[in-house]
Amino acid sequence: MSTPYWGPDFDALAAFDPDIAGVVTDELDRLRSGLQLIASENFTSPAVLAALGSTLSNKYAEGYPGRRYYGGCEVVDRAEEIGIARAKELFGAEHANLQPHSGANANLAVYGAFMQPGDTFLAMALPHGGHLTHGAKVSFSGKWFNAVPYGVAEKTEHIDYDQVRDLAREHRPKMIICGGSAIPRLIDFPVFREIADEVGAVLMVDAAHFIGLVAGKAIPSPVPYADVVTFTTHKVLRGPRGGAIVCKAEHAKAIDKAAFPMMQGGPLMHAVAAKAVNFKECLTPEYQAYTRQVVANAQALTEGLATEGLRPVAGGTDTHLALLDLQETGVTGVDAETRCGAAGIVLNKNAIPFDPQPASVASGIRVGSPAVTTQGMTESDMKSIASLIGTAIRDVDGSRTAEVAAGVRELVGAHPAYPEPGRTS
Ligand SMILES: *Cc1c(COP(=O)(O)O)cnc(C)c1O
């Protein structure tokens with residue numbers, strides 16, 4: 001290295017701007033002191049954080065490696081080239097685009113690549129586990145396109161593939177989308193491929209939530225079946241906040257043109273570099289073991305919650321997340337979220353399929369194991385967490401908050417997030 005490393009200097013930040021330095025340290029304290037069970041969150045590594053907090057943030061690099069609209073890109077080009085090569089290796093993909101700033105942006109780029117405003121696509125309904133960008137009226141996806149929703153079958157709470165096929169035949173959509181934010185079970189990608197082929201639709205898999213499990217080989221990959229797969233890099237995957245797209249070679253040009261210049265301007269080169277670091281982490285045996293533990297922990301947590309009287313939607317989980325129906329406990333999702341939060345258990349209320357409550361109240365909660373697994377927790381810890389949640393949600397008057405909070409402190413004390421340097425666990 002010819003120049004000294006110029007990286008994040010926290011002391012300089014604290015001296016210049018104590019307000020924001022305080023936010024940074026308080027947030028680290030918050031992450032360390034509670035149980036983080038939000039299924040879409042994780043603790044990214046110091047290596048990824050170092051790339052994020054680098055001078056690569058300064059560079060304008062509109063375009064792609066070797067064909068940029070600005071000079072001086074020869075160094076940052078290397079970050080994007082390395083990242084693309086790693087993404088292709090990690091997912092066995094023919095093409096990768098690492099520029100989307102987020103998962104929503106990645107989806108917008110794909111819609112722009114394959115559809116015109118007013119065109120029809122099929123996607124999972126939001127109240128059944130889909131995502132806002134899959135056709136919700138408040139999102140570009142529902143404003144600019146004709147979104148036809150499918151859902152789960154009432155009896156099994158699994159995706160209703162017969163309904164998907166019927167709707168595809170009826171509406172002849174340009175695209176069929178599968179994936180979502182609250183789908184605990186595996187998705188049958190070959191069946192979606194078959195339906196898409198029958199009606200001549202592009203198959204897009206939105207793997208934002210579960211792509212990390214695919215990277216770690218803990219669950220089957222959508223990449224061989226889908227025309228295009230979008231994902232976020234910050235959920236189970238454990239990289240920087242951002243989005244990415246992998247696709248078949250035949251779609252490479254359309255996807256790249258849609259990501260830039262149709263959808264975005266300059267890429268965040270510090271984030272692209274951090275994505276490359278994350279993909280290198282994901283190629284290790286340690287990461288694969290991590291993802292298997294994520295699934296084992298989610299299953300142990302779900303079983304524990306079932307014994308507390310919380311009903312697992314779809315009968316359980318094959319992934320990193322579970323959806324629990326609280327109706328038998330008489331507690332709403334919003335009350336459960338508040339009571340758990342008061343004791344340091346961070347999770348979210350969530351609509352369940354055919355929910356009688358409005359989304360702002362909800363009859364369920366969603367829990368996920370990615371962050372607590374990064375902390376080194378295992379199945380026995382999940383049993384303890386389930387029992388703490390069971391106590392917290394039934395605690396109508398807050399009389400047991402202190403007891404639950406003490407249980408939380410014990411667990412996070414034994415498995416600290418971002419341990420102090422020198423600590424071994
Ligand atoms: C999280 C998520 C997204 C959006 O990601 P953002 O980075 O928040 O824009 C898109 N689709 C699905 C299914 C998601 O779970």
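Might you check whether a residue that is within 22 Å of the chain's Cα centre (by Cα) and over 26 Å from GLU250 (Cα atoms) occurs anywhere in the range 165-182?
Yes, the range 165-182 contains a residue that is within 22 Å of the chain's Cα centre (by Cα) and over 26 Å from GLU250 (Cα atoms).
Being in contact (Cβ under 8 Å) with a residue 60 or more places away in the chain, closer than 16 Å to ARG241 by Cβ and aromatic (Phe, Trp, Tyr) is true for just one of PHE43, PHE91. Which residue is that?
PHE43
Inside the range 57-67, can you point out the residues that are touching a residue at least 60 places away in the same chain (Cβ under 8 Å) and either open to solvent by 50 Å² or more (accessible area, probe 1.4 Å) or of a type in the set (Gly, Ala, Ser) (or both)?
Passing the criteria: SER57, LYS59, TYR60, ALA61, GLY63.
In the range 153-202, which residues are open to solvent by 50 Å² or more (accessible area, probe 1.4 Å) and assigned to a loop (DSSP other than H, G, I, E, B)?
Across the range 153-202, the qualifying residues are GLU154, LYS155, THR156, HIS158, ARG172, LYS174, ARG185, LEU186, ASP188, GLY200.
Do you know which of the residues in the range 243-266 that are more than 27 Å from SER40 (Cα to Cα) and of a type outside the set (A, V, I, L, M) is least open to solvent (accessible area, probe 1.4 Å)?
The qualifying residue least open to solvent (accessible area, probe 1.4 Å) is HIS251.
Looking only at residues that are polar (S, T, N, Q) and within 13 Å of the ligand (Cβ to nearest atom) in the range 119-152, which one is surrounded by the fewest Cβ atoms within 10 Å (Cβ to Cβ)?
SER139
Check every one of the helices (runs of 4 or more DSSP H) wholly within the range 246-309 and list those with 3 or more residues that are touching a Gly at 6+ places or on another chain (Cβ under 7 Å).
269-282, 285-307
Which of the residues spanning the range 347-399 are among the hydrophobic types (A, V, I, L, M, F, W, C) and either in a loop (DSSP other than H, G, I, E, B) or at positive phi (or both)?
Passing the criteria: LEU347, ALA351, ILE352, PHE354, ALA359, VAL361, ALA362, MET377, VAL396.
The values are calculated or read from the model by the stated rules, or taken from the named source; none is laboratory data. Just so you know, these numbers come straight off a predicted model, no measurement behind them. No Cβ is skipped: glycine too gets one built from the backbone with ideal geometry, and neighbour counts run over all protein chains shown. Quick note on the areas: whole protein, heavy atoms, side chains included, nothing else; ligands and nucleic acids left out. Shrake-Rupley method; radii C 1.70, N 1.55, O 1.52, S 1.80 Å.
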